[in-house]
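J.: The structure is given below, and queries will be raised subsequently.
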Amino acid sequence: MGLRGSTAIIGAFDTKVGKIPERSATALCVDAALGAIRDAGLILADVDGLVTCNSMAQPYMYHAEAVAEYLGIRPRYCATAAAGGGATFTVMYQAALAIDAGICDTVVIAMADSLRTGLSREAAMIMQSSSGHPQYETPYGATVPGYYALIAQAYLRAYGAKPEHFASVAVSGRAHAVLNPAAEMQKTITVEDVLASRLIADPLRLLDCSLVSDGGAAVVLTRADRATHQPHKPVYLLGAGEGRGHEHISQASSLIHSSARQSGERAFSMARLNPADVDFAQVYDCFTPVALIEMEDLGLCGEGEAGDFFLRGDGAPGGRLPINTHGGLLSHSHPGNPGSMFALTESVRQLRGGLGVRQVKDANVGLVHAQGGILSSHCTVVLGTEVVL
Amino acid sequence: MSDGASPAKPLPPVDPGSHAYWEACNSGRLLLQRCAACGHRQHYHRVVCTVCGAGTLEDLPASGRGTVRSFTVIRRAVSAAFETDVPYVVALIELAEGPTMMSNIIGSSHEQVAIGSPVELDFERRSETINIPQFRLLE
């Protein structure tokens, strides 16, 4: 049997994103959890599993346990994700395993943070750059954009790519965001706009970098046999896979390939599907070149071809394979570790259907990918409707 | 900082496993490790070979030569301590012995740095006991 199709997402909810100074990070996490439970047609008492990720603005030593206490629930299964963006789907994978093994029935996965208003700019910079190795990297003063710029520079060199290729990822994401009223960024941009924005860490410019936001999102995952009589049609977890290379970028065996290759192969193998079966994909676009490398490693584009894919508009609304249909981390929001949750909730909505102007046509298979560290830890998830079950 | 001194750049938190590495840096030498069992060379100091798993690692003095594997120019400093350095170069250096390490490239304009540029080892003294390995473009 295996995990394929044994669990389904029946609830999804996003809080507002952007600047939300009136809500603490904990309150945003709780808002997201309650919203997803309501969307699933359940009440708090129906939930017997809780997964969160820690907050930078309002951390707890044991975050999920603290949120359970705040909610007044006593879950049988409780876990805090602790490996950056990639862990978002790793913990969902693990929650699915827990459900499949009979440890619990219904898990709410809720993540939120207040990077924008809950931390000073200096504190946010230092917090994020602490991903560097404390002895062998941090002394050299790189920022997070700086670490990713090392990848960007290598990509330009390896494929003879141009900054226009990076820029086209931001342009494509923005085109989706403009169709999504929930996205932070609502103004169309061009490749020229990206290339005219200021350099942050060469060759990355301001508009190659994702946002810094407040906000949170949650999903409710349950056993497939419990998923069919709820308000929304279930979105099945068909495949999941993880891959890890290095933790610190100076230890990376490659700067232009990642363990997204392995995570993608493993997820497709479990789903018994191929990259050609995917109707839309949400990849981790913390910086524009990351989306290119992931598209290639996941088999959605040929090697060195992802830049032209975006430049042609193939990932834009109505394109051959719409990418980051909510606007992504570049244009929807990026509250840090919870960032990928919005790609997940968006995928659920796309597979439920009825999104109007931004609905991907005949969407039955969606891929969601997240990574954490500096292109370090990867998790790929393949979701689908009943049609592909 | 109330005396107006500029904030200090970060010092590596030396641990028992890295003590030999940083002690060598302090006297102007860069150490790699060589596995006595399989010959693999690695940076940074560990108690295990990342290829064969053996615990028999020997210090290997690096020649100090290498090339730029990738680099970036930081335009927005990570913290106040680096603000006067902007723009500064952060690079991945592929050492002649094989392993890669992170460094700054000091002593030249960032416009002169390219992937593949040959570099040589230098040091930046940051405290009485900490001497940070740095690289310069080879003329």
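All of the numbers you see were taken from the coordinates with simple rules; none came from a lab. Bear in mind that the values here come from a model prediction, so they are computed numbers and not experimental data. We place every Cβ from the backbone using ideal geometry, glycine too, and count neighbours over all the protein chains shown.
J.: Given a Förster distance of 25 Å, report the FRET efficiency between A:N274 and A:S254 from their Cβ-Cβ distance, rounded to the nearest 0.05. Display every interim value, and only then the final one.
T.: Working: r = 24 Å, r/R0 = 0.94.
The computed FRET efficiency comes out at 0.60.
J.: A further question on this structure: Taking amide H positions as placed in the peptide plane 1.01 Å from N, state which residues far from A:D202 in sequence (5 or more) or on other chains have amide H under 5 Å from it.
T.: B:V73, B:R75
J.: Report, as an integer, the average count of C-beta atoms from other chains found within 10 Å of each Cβ along B:41-53.
T.: 1
J.: Moving on to the next point. How many lysine pairs in chain A, separated by 8 or more positions in sequence or lying on different chains, have Cα atoms less than 28 Å apart?
T.: 7
J.: While we're here: Just to confirm the number: angle between the C-alpha axis of helix A:288-297 and the first principal axis of chain A, 0 to 90 degrees, nearest 10?
T.: 70
J.: Same structure again: Give the calculated FRET efficiency between B:T50 and A:H229 to the nearest 0.05, with a Förster radius of 60 Å applied to their Cβ-Cβ distance.
T.: The computed FRET efficiency comes out at 0.70.
J.: Compute the length gained on full extension between B:D59 and B:E83: take 0.36 nm times their separation in residues and subtract their Cα-Cα distance, giving the result in nm to one decimal. Please list the in-between numbers first.
T.: On the way: separation 24, 0.36 × 24 = 8.64 nm, distance 3.56 nm.
So the chain would gain 5.1 nm between B:D59 and B:E83.
J.: Just want to confirm a number: the relative contact order over segment B:15-61, from Cα pairs under 8 angstrom separated by 6+ residues, in percent.
T.: Computed over segment B:15-61, the figure is 35 percent.
J.: Let me ask another. Label-point separation (nm) for A:R121 and A:D308, each offset 7 Å from Cα along Cα-to-Cβ?
T.: Distance between the two pseudo-spin positions: 4.1 nm.
J.: I'd like the distance between the alpha-carbon centres of segment A:37-112 and segment B:25-68, rounded to an integer number of Å.
T.: About 42 Å separates the Cα centre of segment A:37-112 from the one of segment B:25-68.
J.: Given 10 Å bins starting at zero, what is the percent of C-alpha pairs of the protein assembly as shown in each, up to the one with the largest pair distance?
T.: P(r) for the protein assembly as shown, in whole percents per bin: 4, 19, 28, 25, 16, 7, 1, 0.
J.: To continue, here is another question. Can you list the HN-Hα couplings for segment B:110-124, worked out from phi with the Karplus curve (6.51, -1.76, 1.60; θ = phi - 60°), rounded to whole Hz and with x for Gly and Pro?
T.: 4, 5, 7, 8, 9, 4, x, 4, x, 9, 9, 5, 9, 9, 10
J.: Residues with beta-carbon under 11 Å from that of A:T26, excluding A:T26: net charge, scoring Lys, Arg +1 and Asp, Glu -1?
T.: -2
J.: Right, another one. By how many nm would the segment from A:K162 to A:R198 lengthen if fully extended, with 0.36 nm per residue of separation less the alpha-carbon distance?
T.: Extending this stretch completely gives an extra 11.3 nm.
J.: So how tilted is helix A:163-178 from the main axis of chain A? Cα-based, degrees 0 to 90, rounded to 10.
T.: The angle comes out near 40 degrees.
J.: Let me ask something additional. Taking the Cα-to-Cβ direction at B:E139 and at B:L11 and moving 7 Å from each Cα, how far apart do the two end points lie in nm?
T.: Distance between label points: 3.4 nm.
J.: Using only the alpha-carbon atoms, how far is helix A:87-100 inclined from the longest principal axis of chain A? Give it as 0 to 90 degrees, nearest 10.
T.: 30
J.: Still on this structure, I have one more. ³J(HN,Hα) across segment A:261-268 via Karplus (A = 6.51, B = -1.76, C = 1.60, θ = phi - 60°), whole Hz, x for Gly/Pro?
T.: Going residue by residue, I get 4, 6, 5, x, 4, 5, 5, 5 Hz, with x marking Gly and Pro.
J.: Next up: Determine the distance separating the Cα centre of segment A:139-178 from the Cα centre of segment A:279-355; give it in Å without decimals.
T.: Distance between centres, Cα-based: 14 Å.
J.: Follow-up. When only DSSP loop residues count, what chymotrypsin sites (Phe, Trp or Tyr not before Pro) in segment A:37-133 have their Cβ near at most 15 other Cβ atoms within 10 Å?
T.: When the chymotrypsin sites (Phe, Trp or Tyr not before Pro) of segment A:37-133 are filtered for loop state and at most 15 Cβ neighbours within 10 Å, A:Y62 remain.
J.: Let's see if you can work this out: charge +1 on each Lys and Arg Cβ, -1 on each Asp and Glu Cβ, no other charges. What is the dipole magnitude of chain B about its Cα centre, in debye to the nearest 20? List each step's numbers first, then the result.
T.: Details: 12 positive and 15 negative charges, 61 e Å.
In debye, rounded to 20, chain B gives about 300.
J.: Can you compute 3J(HN,Hα) from phi for each residue in segment A:136-150, using the Karplus curve 6.51 cos²θ - 1.76 cosθ + 1.60 with θ = phi - 60°, rounded to whole Hz and x for Gly and Pro?
T.: 10, 10, 3, x, 8, x, 6, 8, 4, x, x, 4, 6, 5, 4
J.: What percentages make up the Cα-Cα pair-distance distribution of segment B:15-61 when the bins are 10 Å wide from 0?
T.: With 10 Å bins starting at 0, P(r) equals 31, 53, 16, 0.
J.: Given 10 Å bins starting at zero, what is the percent of C-alpha pairs of chain B in each, up to the one with the largest pair distance?
T.: Per 10 Å bin, starting at 0, the Cα pair percentages come out as 11, 36, 35, 14, 3, 0.
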